[in-house]
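Each remark here refers to the structure printed beneath this line.
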Amino acid sequence: MPRILASRMTTLCVVLLIAPTLTFANFTGKVVGVIDGDSIRVMHEGTATEIRLQGIDCPEKGQPYGKQAKQFTSALVFGQEVTVIEKGRDRYGRILADVMRPDGRTLNHEILKAGFAWWLRKYSRDVSLGDFEDEARLAKRGLWADSDPVPPWEWRKRTVGMR
């Protein structure tokens, strides 16, 4: 019995030692690049770090409204100090995050409200994102002005099949 207790205590100590490294990083930095509507580069510890906006998916480059989505994101944050609230990592190692603008508004939300993104229901349980998408859709803002907008995940499947 003492051996089992010692083993469990050792396991608990190891968990307590590594747990802080499993937390996500929140940091503030200057936006030095806008890759597309839902991906930006923010300076962090001397490096331009790629940030993928959590819970949304903007049209791709070359897709209708892709250029407008990128321009909208650029107008809101390029050259500004933002706060990155990390939510995890994607399969490419990019930081998935909510990005807070200097005025306190969340970039992810603003893009949805303007109608330049879809809510990624599959990857986000934040139902407020769905409310923002619905609001833009009903008002026919941004890509919702199109009679039949194609979600980027479908557009990617179509274009990969064409290559």
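For the stretch 52-77, the set of residues classified as touching a Ser or Thr at 6+ places or on another chain (Cβ under 6 Å) and assigned to a loop (DSSP other than H, G, I, E, B) consists of GLY55 only.
Here GLY130, GLY88, GLY142 are screened, and the one residue that is crowded, with 20+ Cβ neighbours inside 10 Å and either among the small types (Gly, Ala, Ser) or farther than 20 Å from SER39 by Cα (or both) is GLY142. Whenever a residue of the stretch 21-47 is buried (at least 16 other Cβ atoms within 10 Å of the Cβ) and at pLDDT 95 or above, its partners that are of a type in the set (Gly, Ala, Ser) and in a helix (DSSP H, G or I), lying with C-beta atoms within less than 9 angstrom and at least six residues away or across chains, give the pairs VAL31/SER74; VAL34/SER74; ASP36/GLY66; ASP36/ALA69; GLY37/GLY66; GLY37/ALA69; ASP38/ALA69; ILE40/SER74. Taken over the stretch 121-163, the criterion of being in a helix (DSSP H, G or I) and of a type in the set (Gly, Ala, Ser) is satisfied by SER128, GLY130, ALA136, ALA139, GLY142, ALA145, GLY161.
Screening THR49 with (1) assigned to a strand (DSSP E or B); (2) at positive phi; (3) not hydrophobic (A, V, I, L, M, F, W, C) gives one miss only, at (2). The single residue among LEU76, LEU112, LEU96 that is surrounded by 17 or more Cβ atoms within 10 Å (Cβ to Cβ) and either small (Gly, Ala, Ser) or farther than 19 Å from PRO151 by Cβ (or both) turns out to be LEU76. Of all positions in the stretch 102-109, none carries a residue that is among the charged types (D, E, K, R) and buried (at least 17 other Cβ atoms within 10 Å of the Cβ).
When the stretch 78-104 is filtered for residues that are of a type in the set (Gly, Ala, Ser), in contact (Cβ under 8 Å) with a residue 12 or more places away in the chain and not in a strand (DSSP E or B), only GLY79 remains.
Among the residues of the stretch 105-120, those identified as touching a Cys at 6+ places or on another chain (Cβ under 9 Å) and either outside any loop (DSSP other than H, G, I, E, B) or modelled with pLDDT under 95 (or both) are ILE111, TRP118.
Every test in (1) over 24 Å from ASP131 (Cα atoms); (2) surrounded by 19 or more Cβ atoms within 10 Å (Cβ to Cβ) is passed by ALA69 save one, and that test is (1).
Note on the stretch 87-101: residues that are among the aliphatic types (A, V, I, L, M) and closer than 18 Å to SER74 by Cβ total 3.
The values are calculated or read from the model by the stated rules, or taken from the named source; none is laboratory data. Being a predicted model, the structure only gives us computed values, none of them experimental. Neighbour counts run over all protein chains shown; Cβ positions are idealised from the backbone, glycine included.
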